[in-house]
Structures are given as structure tokens and as C-alpha cells.
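For reference, the structure is listed below as C-alpha cells.
The values are calculated or read from the model by the stated rules, or taken from the named source; none is laboratory data. Quick caveat: nothing in here was measured; it's all calculated off a predicted structure. We place every Cβ from the backbone using ideal geometry, glycine too, and count neighbours over all the protein chains shown. Heads up: the accessible areas ignore ligands, DNA and RNA and are worked out on the full protein's heavy atoms, side chains in. Shrake-Rupley method; radii C 1.70, N 1.55, O 1.52, S 1.80 Å.
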Amino acid sequence: MEVYREILPQSYLLILTDSEPKDLTPLSYALRLASRSGKSNIWIDCSHVTKMPFSVLRVLVRYYRRLLARNVSLVLCHVGDAAHQQMAKLATADRPPVMPSLLDAEQYCKSPHRILHRTAA
């Protein structure tokens, strides 16, 4: 799996590609860089991913929990049907927020709902 990174003014954007995740090191490395960037929002664009292997979801959930504890948002965008089905297998508290677009992710991160979501977890 390849991961492209983009540092935006208010967030850190990761773009995942659709390839077999034999080695999850690039994803873990990109998430580690994003978590250390000082940005309060990390958005993950899944528009180039047709299938979300459970191994990838495990990495995303692990970082979601870590970031949640540090008051940093991790939001998935452009998640396809297959990925939604995989995410449905996760416990509700372990599911990162999913937004239809990056614009929606930005609005979500600005909303008070985000704070309520964090304190409820």
C-alpha cells in the first residue's frame, strides 16, 4: 500500500492507494508522521481504495484510539461500500468517523459534535 501525504493549513491529509497491503509499514509510518505533525485533524482519503483489508482497518483503529486520547481527530473520507462492510465488523467505539468528502470532514472537525463524540468514547 502506498500512502501520499499532504500537509494542509488545518489538517494532515493521507491518501491511500488501492494495492495489496503486504507491508503496512508505509501506512504506519504516514500515520506516525501525521500524529507528530502538530495538526489537530488527520483526514484519510480512501477514494482510491476499492477493498479495505481488515489488516489496514486494524492499523487505522489503533491510531484512531491513540489520537482520540490526544484530542486529535482521525476522519475517513470517500469510503466505498466494501470498506463500509468491513468497518461494520468493528465495535462502534472503535470506528473512526466516516465522512462523504474532505469538505464534510472539515465541517465535522469544526463542529461541536466532534467534541461530544470524543467525550462519549
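The table below lists the values:
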| item | result |
| --- | --- |
| Residue match in the range 63-77 (condition: within 17 Å of THR17 (Cα to Cα), open to solvent by 70 Å² or more (accessible area, probe 1.4 Å) and out of contact with any strand residue (DSSP E or B) (no Cβ under 7 Å at 6 or more places or on another chain)) | no |
| Candidate set from the range 88-103 (those that are closer than 29 Å to PRO9 by Cα and either surrounded by 15 or more Cβ atoms within 10 Å (Cβ to Cβ) or touching a helix residue (DSSP H, G or I) at 6+ places or on another chain (Cβ under 8 Å) (or both)); member that is modelled with the lowest pLDDT | ASP94 |
| Qualifying residue in the range 8-19 (condition: out of contact with any Asp or Glu (no Cβ under 6 Å at 6 or more places or on another chain) and touching a residue at least 60 places away in the same chain (Cβ under 8 Å)) | yes |
| Residue list for the range 41-58, filter: of a type outside the set (Gly, Ala, Ser), more than 10 Å from the chain's Cα centre (by Cα) and open to solvent by less than 70 Å² (accessible area, probe 1.4 Å) | VAL49, MET52, PRO53, VAL56 |
| Test: residue in the range 54-70 that is touching a Phe, Trp or Tyr at 6+ places or on another chain (Cβ under 8 Å) and of a type in the set (A, V, I, L, M, F, W, C) | no |
| ALA69 free of Cβ contacts under 8 Å to residues at least 12 places away in the same chain and among the small types (Gly, Ala, Ser) | yes |
| Checking GLY38 against (1) at negative phi; (2) open to solvent by 70 Å² or more (accessible area, probe 1.4 Å), the condition it does not meet | (1) |
